[in-house]
């Protein structure tokens, strides 16, 4: 058996050209919009194939589509050169005819590459999951759950995770190994071309264009914010830090080279509970995001056909949190800002200050009504006083006082113990330290120099 004489049917979908191919005979039956075409030579139904385009210069639309299909022991190579990608379709009982197709092209380097891969039209989907932390774990758990139900949304499920520097490992990796799911260590992605769709949640590494194009339905990202607000790796922390009253979850399509800029597939808003810690908010949003992901996968083609681009207005960024953020700036921050700071980062980075030349960690920040503060207290930034009633330290800051329950010096001390050891009149008299000098000052941690951004790790074709 030699080269077959292929026929192609062009079907337009947004930013994707669909081609149905039959082999073995010159004359075929095929209609635009049909799910199958029938080969008159072998009377075999040939499934439609997805052609993904890397766009070329808009004035030079030349492409070579290569398709390989295993029939018995023979491998057919079918290829055709399209001299004009803006003129392509096929009618019944003809090899090729021409009509205008609307292709939304982007100006890129010369040449168009067509990648062909099978594309299912309904679940169960073969899913490759990319994730690491606790937020991502909820999405992986629900995908695993829905691979076991009678009406399975997920068929094959595998996991890609980053190498962990901790001996405990990442929650996603630990769960996947416990459940017997195949786990690939980035940049290894396994046989990703055999999967229908990728899902990303808190992965932390840019995905290359070559990798994205391997998935017929692309890669979805579960992001815990109302994009375009809080693009970046720490949206939940910045939501709490900024005092937002509303947040949400966005399911979006991944685009290469930049984080969180792809079109929105699904988005829901949720209120931020008062006095909410970022860890608590993460738990709430991770469950909402997992449920939204399953809803999206149940009707994936429909949702992908109604995506919308992110608005250009309202873009904010949520960069990674460095250790310097945990240093309290008594002269610049109000009591509300300091308490929000602890709720946002305190679970990982206890707030810090300097006491008598030594860094200390501060825990348990609370609001203090002005009625509890004696009038003789000087409210200079960083000045420390003790309130015996509520048994808290109060520290002067911008526009008020903030309360502190614990100080970790050489060991963890309650406010009362810290007062008895360092603020009691006996101590100040014997140490010669004036009461006015009993204050916290700001700790300054130098920022690490920014390293040159590394390009995404290229993934070899499998």
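Readers should treat all values here as calculations from the given coordinates under stated rules, not as data from a laboratory. None of the values given here were measured: they were computed from a predicted structure. Don't worry about glycine lacking a Cβ; one is built from the backbone with ideal geometry, like all the others, and counts go over all protein chains shown.
Given the Cα-Cα distance of residue 299 and residue 164 and 0.36 nm per residue of separation, how much length would full extension add, in nm?
Once the chain is fully extended between residue 299 and residue 164, it gains 45.2 nm.
Return the equivalent ellipsoid semi-axes of region 265-331 as a descending list in whole Å, where each equals the square root of 5 times an eigenvalue of the C-alpha gyration tensor.
Working through the eigenvalues yields semi-axes of 32, 17, 11 Å.
Among 165, 362, which comes first, then next, by fewest other beta-carbon atoms within 10 Å?
In order of increasing Cβ crowding within 10 Å: 165, 362.
Based only on other Cβ atoms within 10 Å, what is the fewest-to-most ordering of 121, 441?
Listing 121, 441 from fewest to most nearby Cβ atoms yields 121, 441.
Taking R0 as 51 Å, what FRET efficiency do you get between residue 306 and residue 416 from their Cβ-Cβ distance, rounded to the nearest 0.05?
Once the sixth-power term is evaluated, E becomes 0.25.
Which of 407, 345, 261 has the fewest other C-beta atoms within 10 Å, and how do the rest follow up to the most?
Fewest-to-most ranking of 407, 345, 261: 261, 345, 407.
Mind computing the radius of gyration and Dmax over the alpha-carbon atoms of region 125-304? Å is fine for both.
15.4, 46
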